[in-house]
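One structure below.
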Amino acid sequence: MLDEKREKQLQEVNKRLRILQNKFDKLQQQVKKPCESGWTLFRNHCYLFELSKASWKAAKKECERRQSHLVKIETSAENIFLKSMIQHMVRRKKEFWIGLNDLAKEGWFTWISDYSTVAYTDWHPGNPNNYRGNEDCCEIHEFHWNDDNCARPYCFICEKQAD
Ligand SMILES: [Ca+2]
Ligand SMILES: [Ca+2]
Ligand SMILES: [Ca+2]
């Protein structure tokens, strides 16, 4: 008699456990990571520091292929985050393409992601200088921005909204 009662209790507990497990599995499916693996989260945006080198236009395409855009740096906080990431990740000094360019009109710098005019800037001293009349794409060079020849192969940074 007692055994039968215990058996029933056990069945009830198992049933509840299965229901809870089911709910837990469903919740776990809903909890998504804000950034996919390889990307770094900063203030609701995900950043990819691509260490293979490409021309500015190829870098732009590669970011677009990954549902993102070449980074748009809007604040000093974002700029400092990028610099500290470059400092930590990269042992040797490397240049990274960013989304800033004056391809449409010389000296008129806009961001490729939304064609907005540059507001916050962190130019390398003496830049932008459009050296040899052929520098229309911007990169982070020694932790400051520089206009450079778009054809040069550099690393690059992609940015997109976090999930
Ligand atoms: Ca940004
Ligand atoms: Ca230029
Ligand atoms: Ca320059």
Can you send over the solvent-accessible area of Leu41, 1.4 Å probe, protein chains only, in Å² to the nearest 10?
90 Å²
Lys33: which lysines have alpha carbons under 16 Å from its alpha carbon, excluding same-chain residues fewer than 8 sequence positions away?
Lys160
Under a 1.4 Å probe, what is the accessible area of the chain per residue, stated in Å²?
67 Å²
If the cut-off is 22 Å between C-alpha atoms, which lysines fall inside it for Lys26, apart from same-chain ones fewer than 8 positions away?
Lys15
With the full set of protein chains in place, find how many percent of the accessible area of the stretch 40-161 is carbon and sulfur; take the probe as 1.4 Å.
50 percent
In the calculated pair distance distribution of the chain, what percentage of Cα-Cα distances lie above 26 Å?
39 percent
Once the Cα atoms of the stretch 1-70 are picked out, what are the Rg and Dmax in Å?
24.7, 80
For the stretch 28-50 and the stretch 130-151, what is the centre-to-centre distance using only Cα atoms, to the nearest Å?
29 Å
Theoretical ellipticity at 222 nm over the chain - DSSP helices of four or more residues, -39500 (n - 2.57) apiece, nearest 500
-11000 deg cm²/dmol
Determine the distance separating the Cα centre of the stretch 70-87 from the Cα centre of the stretch 92-124; give it in Å without decimals.
13 Å
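The values are calculated or read from the model by the stated rules, or taken from the named source; none is laboratory data. Just so it is clear, the structure is predicted and the values come from calculations on it, not from any experiment. For the accessible areas, the whole protein counts, side chains as well, though only heavy atoms, and no ligand, DNA or RNA atoms are used. Shrake-Rupley method; radii C 1.70, N 1.55, O 1.52, S 1.80 Å.
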